[in-house]
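**Student:** I'd like to ask you about the structure that follows.
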Amino acid sequence: MEARWSEGLNLNKVCGKYRVSLWQCPQFLFLVMGVVIIVAVLSAYVVASRYQEPELAALSVLILTVVLFVVGHMIISAFERVAISSLSKSEFISIMSHQLRSPLSAIKWQLNMILAGDDAKFVVSDESRSYLETVYDQNERMIRSVSDLLEVNRIEDGDLVLRPSLFSIAVLASRVASESEKYSSANNAKVTVAMQKDIPMVYADEERIKRVMEHLIDNAIRYSAYKGNVVISLEKKNGDYIICKITDQGAGIQDSEKARVFDKFFRSINALRYQTEGSGVGLFIAKSIIKLSGGEIGFSSLLGKGSTFWFTLPVKKIIINIK
Amino acid sequence: MKKILFVEDEESLQKSLGAALEQQKYQVFRALDGETGLSLAKKELPDLILLDLILPKKNGFEVLSELKSDTATKDIPIIVLTNLEGSADVERALTSGATTYLVKANYTLQDVIAKIAGVLSHSK
């Protein structure tokens, strides 16, 4: 808490964040206004006590009012400037992401065509195939990064709109587990699913819940550092919720970092130690999506033993059987 | 043979998805801009339309609303296939009558073909 306070007082740092000069920075201008008010009250007192003429006191009050008006005006335009710069930033991000995604999706589809293998025109040797698959995987990584950036932008603009439907989270969990197999085996990890029978359907945005699971599993694998089982489990909770837990046997999270895990761009100190990939937006996105879906998200972690990240989703009471 | 109209200005996508659809024994009509797309739709009355949103001459939203206001074409299912993903864009496309909204980068060619088959099987 104290660290935050002193950061707030460091105006150079605060104003540097907005990339505006000191005289265009709201925090600094507020400070100036405070000083002006104090000086004004003191000098009005001095003037009034030394000279008896009411005109002089009235004049000093008038001058001070004008000064306050000017500073006030500067503060408002400074706020406007900061607001506009963040608006153009989010527009920039959405235009850039669209521009980036067009060529990325073109690459993806051409490679899909070549690698599908159902066209005699494309005879790909095993060696070429492995290179092309690497290109494909890297391209997918880039697509995911751009999508994550866009998602963060939407969250910050309050523009994240979910498209909920009724779906089987049990089926989804199995699908995500099998899709993660390639990545997990490359990292010597194993992802398994453990669930109760009769897990009910949930009412949520399936694509986005899938992304949440993927982010949590990616993290679990990445921080497992070559030794680990990752378990996805599904349980009913109080009849009204489903709780999904993703447990790893990885590095765990330091106590000092626990409060910031869901912050945007937060990356654990372990991320550097284990040289893991990632931009640090996964958990921020996951939290926003789960909150908006009416669920909760959290974790427990023991340093050196591993972490369990969990989230809940509300249930529509339709029971299906998963064999 | 089912007819599919593919309105997309990016030629590499025309080439890959167009060829993949032909492999699946669909008859594919191609349009590289909105106006051509609209006139082809009226002339060929395809079973399904794949529509990009950012297009030269007439954008996808305009094409969409014109198709939906014409009695001859209003029942043709339309899959919007784009890289735009703002919630306002999604909302506008769906309320204008698009059957499905797909973000290109999020789907493989095979996924897209499966979605097309799904929509076609529902429509008839």
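**Student:** Inspect segment A:77-89 for any residue being in contact (Cβ under 8 Å) with a residue 60 or more places away in the chain and open to solvent by 40 Å² or more (accessible area, probe 1.4 Å) and give the result as yes or no.
**Tutor:** Yes; the residues of segment A:77-89 include at least one that is in contact (Cβ under 8 Å) with a residue 60 or more places away in the chain and open to solvent by 40 Å² or more (accessible area, probe 1.4 Å).
**Student:** Let me ask another. Examine segment A:220-237 for a residue that is closer than 28 Å to A:I143 by Cβ, part of a loop (DSSP other than H, G, I, E, B), at pLDDT below 80 and in contact with a strand residue (DSSP E or B) (Cβ under 6 Å, 6 or more places away or on another chain), and state whether such a residue exists.
**Tutor:** The answer is yes, given that some residue of segment A:220-237 is closer than 28 Å to A:I143 by Cβ, part of a loop (DSSP other than H, G, I, E, B), at pLDDT below 80 and in contact with a strand residue (DSSP E or B) (Cβ under 6 Å, 6 or more places away or on another chain).
**Student:** Another question about this same structure. Taking the criterion of being β-branched (V, I, T), more than 16 Å from A:I290 (Cα to Cα) and either open to solvent by less than 10 Å² (accessible area, probe 1.4 Å) or at pLDDT below 90 (or both), would at least one residue in segment A:204-212 satisfy it?
**Tutor:** Within segment A:204-212 (the criterion being β-branched (V, I, T), more than 16 Å from A:I290 (Cα to Cα) and either open to solvent by less than 10 Å² (accessible area, probe 1.4 Å) or at pLDDT below 90 (or both)), the answer is no, since none of the residues qualifies.
**Student:** List, please: which pairs have Cβ atoms under 9 Å, are six or more places apart or on different chains, and start with a residue in segment A:187-207 that is part of a helix (DSSP H, G or I) and end with one that is β-branched (V, I, T)?
**Tutor:** These pairs meet every condition: A:E206/A:I169.
**Student:** Need at least 1 residues that are among the small types (G, A, S) and over 30 Å from A:I155 (Cα atoms) per element, so show me which strands (runs of 3 or more DSSP E) inside segment B:1-106 make the cut, counting only ones lying wholly within it.
**Tutor:** Output list reads B:27-31.
**Student:** Could you check how many residues of segment B:18-40 are under 25 Å from B:E66 (Cα atoms) and within 14 Å of chain A (Cβ to nearest Cβ)?
**Tutor:** Of the residues in segment B:18-40, 1 are under 25 Å from B:E66 (Cα atoms) and within 14 Å of chain A (Cβ to nearest Cβ).
**Student:** Filter segment B:81-96 for residues that are crowded, with 17+ Cβ neighbours inside 10 Å and either of a type in the set (G, A, S) or touching an Asp or Glu at 6+ places or on another chain (Cβ under 8 Å) (or both); which is modelled with the highest pLDDT?
**Tutor:** Step by step, filter segment B:81-96, then rank; the result is B:L81.
**Student:** Just one of (1) away from chain A (no Cβ under 14 Å); (2) within 24 Å of A:L104 (Cβ to Cβ); (3) open to solvent by less than 50 Å² (accessible area, probe 1.4 Å); (4) touching a helix residue (DSSP H, G or I) at 6+ places or on another chain (Cβ under 6 Å) trips up B:S12, so point out which.
**Tutor:** In the conditions (1) away from chain A (no Cβ under 14 Å); (2) within 24 Å of A:L104 (Cβ to Cβ); (3) open to solvent by less than 50 Å² (accessible area, probe 1.4 Å); (4) touching a helix residue (DSSP H, G or I) at 6+ places or on another chain (Cβ under 6 Å), B:S12 misses (1) alone.
**Student:** Can you name every residue in segment A:90-131 that is at pLDDT below 85, surrounded by fewer than 11 Cβ atoms within 10 Å (Cβ to Cβ) and either of a type in the set (S, T, N, Q) or not in a loop (DSSP other than H, G, I, E, B) (or both)?
**Tutor:** Of everything in segment A:90-131, those that are at pLDDT below 85, surrounded by fewer than 11 Cβ atoms within 10 Å (Cβ to Cβ) and either of a type in the set (S, T, N, Q) or not in a loop (DSSP other than H, G, I, E, B) (or both) turn out to be A:I95, A:S125, A:D126.
**Student:** Is it the case that segment A:155-168 has a residue that's away from chain B (no Cβ under 14 Å) and open to solvent by less than 60 Å² (accessible area, probe 1.4 Å)?
**Tutor:** yes
The values are calculated or read from the model by the stated rules, or taken from the named source; none is laboratory data. For clarity, every value in this text was computed on a predicted model and none was experimentally measured. In this analysis, Cβ positions are derived from the backbone assuming ideal geometry, glycine residues included, and neighbour counts consider all displayed protein chains. To get the accessible areas, we keep the full protein, side chains included, count just its heavy atoms, and leave off ligands, DNA and RNA. Shrake-Rupley method; radii C 1.70, N 1.55, O 1.52, S 1.80 Å.
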